[in-house]
Amino acid sequence: MNESIRCPFGTTPSGEQVEQLTLSNGILTCRLLTFGATLRSLVVPDKDGRPVDVILGYDTLEEYRTQDGYLGAVVGRFANRIAGGRFTLNGREYTLAVNNGPNHLHGGLVGFSYQVWAVEELTADRAVLSLVSPDGQEGYPGTLRVRVTYRLEGSALSIRYEAETDRDTPCNLTNHSYFNLAGQGSGPVLDQEIALHASQYTPADGTSIPLGVLEPVSGTPMDLTRPTPIGAHLDEPFPQLELGHGYDHNFVIDGPIGQLRPAAWARCAATGIVMETETTLPGVQFYTANFLEPGRKGKGDAVYGPRHAFCLETQFFPDSPNQPGFPSCILRAGGRYDHTTCYRFSIAE
């Protein structure tokens with residue numbers, strides 16, 4: 001194996017070796033960690049052909065282990081929140097860790113983002129990482145076997161999530177990358193534009209648990225169906241934005257679940273970089289990094305803070321194990337979870 005695409009990144013306190021994997025196809029370059037199957041960097045060319053790293057991250061394993069925020073990680077077994085850390089499946093109640101106020105978040109105390117994944121395959125432009133989550137881990141039923149494939153295809157990075165289980169279980173996997181199309185460490189993203197292919201969203205309570213209804217975005221600051229500067233409505237006196245301290249909401253992606261279709265569009269005028277997000281999943285959590293504290297140290301002496309990035313977490317809806325009206329996130333024994341999200345880059349005309 002070419003050492004340039006596979007190198008050590010540190011050792012966990014339990015002695016597990018963590019590696020960094022580098023993929024490149026002559027257009028894009030990305031670096032992955034086996035810790036959390038994390039996307040550590042994604043370098044794309046700007047309008048002048050200069051390389052720009054559009055992903056926030058850290059320089060050390062210790063920071064990935066101890067900092068909150070899930071920067072670049074694959075989160076599971078259930079991405080986002082489950083109300084009260086409880087759900088009922090097949091007549092039995094399951095209790096999970098409560099690690100976000102009164103709720104369960106991103107798989108719990110030792111979710112997939114804090115585990116070391118195995119490298120199954122590695123080529124110049126493709127990496128396959130796998131993880132086995134045993135029955136009862138973090139309170140979830142069933143042994144879940146997960147594979148995540150990162151692939152560079154022209155000017156796009158695709159992430160394919162696959163999973164199988166021997167018992168019925170919730171399954172909801174996403175990547176929690178923080179994007180800044182002006183380059184990581186360049187400051188707030190308020191002038192960058194966003195558009196979401198979503199005519200509805202799921203309003204939430206003060207702990208970010210959906211109320212169980214789908215509301216139209218039309219006529220509200222949640223209407224991002226046309227390109228809009230991220231900061232345009234961020235601080236308007238709209239109850240949902242006040243509760244979330246900005247955008248931190250699940251949007252219902254238009255079109256059929258299971259079909260790769262447009263979810264989001266983003267653009268930075270300064271670099272000319274355009275990013276289009278496509279997914280087979282039903283929702284996307286648009287988050288404006290409201291809780292990144294000022295002065296957080298990032299890669300290469302970068303300094304991060306609130307609203308210095310945005311997240312587009314493609315997903316099943318938050319709290320869907322407890323919401324019968326939402327698309328089901330339950331993976332049945334013997335069934336297969338197979339979803340893809342693609343980030344496609346271009347230069348604005």
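LEU181 fulfils the conditions (1) farther than 21 Å from PHE317 by Cα; (2) among the aliphatic types (A, V, I, L, M); (3) part of a strand (DSSP E or B) except for a single criterion, (3). Can you tell me how many residues in the stretch 259-277 are touching a residue at least 40 places away in the same chain (Cβ under 8 Å) and over 20 Å from ASP53 (Cα atoms)? Total satisfying the criteria: 4. Step by step: first the residues of the stretch 183-219, then only those that are farther than 15 Å from ASN250 by Cα and among the hydroxyl-bearing types (Ser, Thr, Tyr), then the one that is surrounded by the fewest Cβ atoms within 10 Å (Cβ to Cβ). Which residue is that? Looking at the filtered set, the residue picked out is SER218.
Hey, does the stretch 207-218 have a residue that's in a loop (DSSP other than H, G, I, E, B), within 21 Å of PRO318 (Cα to Cα), under 18 Å from the mean Cα position of the chain (by Cα) and among the hydroxyl-bearing types (Ser, Thr, Tyr)? Within the stretch 207-218, one or more residues are in a loop (DSSP other than H, G, I, E, B), within 21 Å of PRO318 (Cα to Cα), under 18 Å from the mean Cα position of the chain (by Cα) and among the hydroxyl-bearing types (Ser, Thr, Tyr). Tell me, yes or no, whether the stretch 295-310 has at least one residue that is β-branched (Val, Ile, Thr), within 26 Å of GLY183 (Cα to Cα), within 18 Å of the chain's Cα centre (by Cα) and modelled with pLDDT of 95 or more. Among the residues of the stretch 295-310, not one is β-branched (Val, Ile, Thr), within 26 Å of GLY183 (Cα to Cα), within 18 Å of the chain's Cα centre (by Cα) and modelled with pLDDT of 95 or more, which makes the answer no. Among the candidates GLY187, GLY142, GLY154, the residue that is in contact with a Ser or Thr (Cβ under 9 Å, 6 or more places away or on another chain) and either touching a residue at least 12 places away in the same chain (Cβ under 8 Å) or not hydroxyl-bearing (Ser, Thr, Tyr) (or both) is uniquely GLY142. Of the set (1) within 19 Å of the chain's Cα centre (by Cα); (2) not in a loop (DSSP other than H, G, I, E, B), all apply to ARG145 but (1). Looking only at residues in the stretch 237-256 that are more than 18 Å from the chain's Cα centre (by Cα) and assigned to a loop (DSSP other than H, G, I, E, B), the one that is nearest to HIS308 (Cα to Cα) is HIS245. I'd like to verify a number: residues in the stretch 117-140 that are within 17 Å of GLU16 (Cβ to Cβ), surrounded by fewer than 19 Cβ atoms within 10 Å (Cβ to Cβ) and of a type in the set (A, V, I, L, M, F, W, C), how many? Of the residues in the stretch 117-140, 3 are within 17 Å of GLU16 (Cβ to Cβ), surrounded by fewer than 19 Cβ atoms within 10 Å (Cβ to Cβ) and of a type in the set (A, V, I, L, M, F, W, C).
The values are calculated or read from the model by the stated rules, or taken from the named source; none is laboratory data. Note that the structure is a prediction, hence the values are computed from the model and not measured. For neighbour counting, all protein chains shown are included, and Cβ atoms are generated from backbone atoms with ideal geometry for every residue, glycine included.
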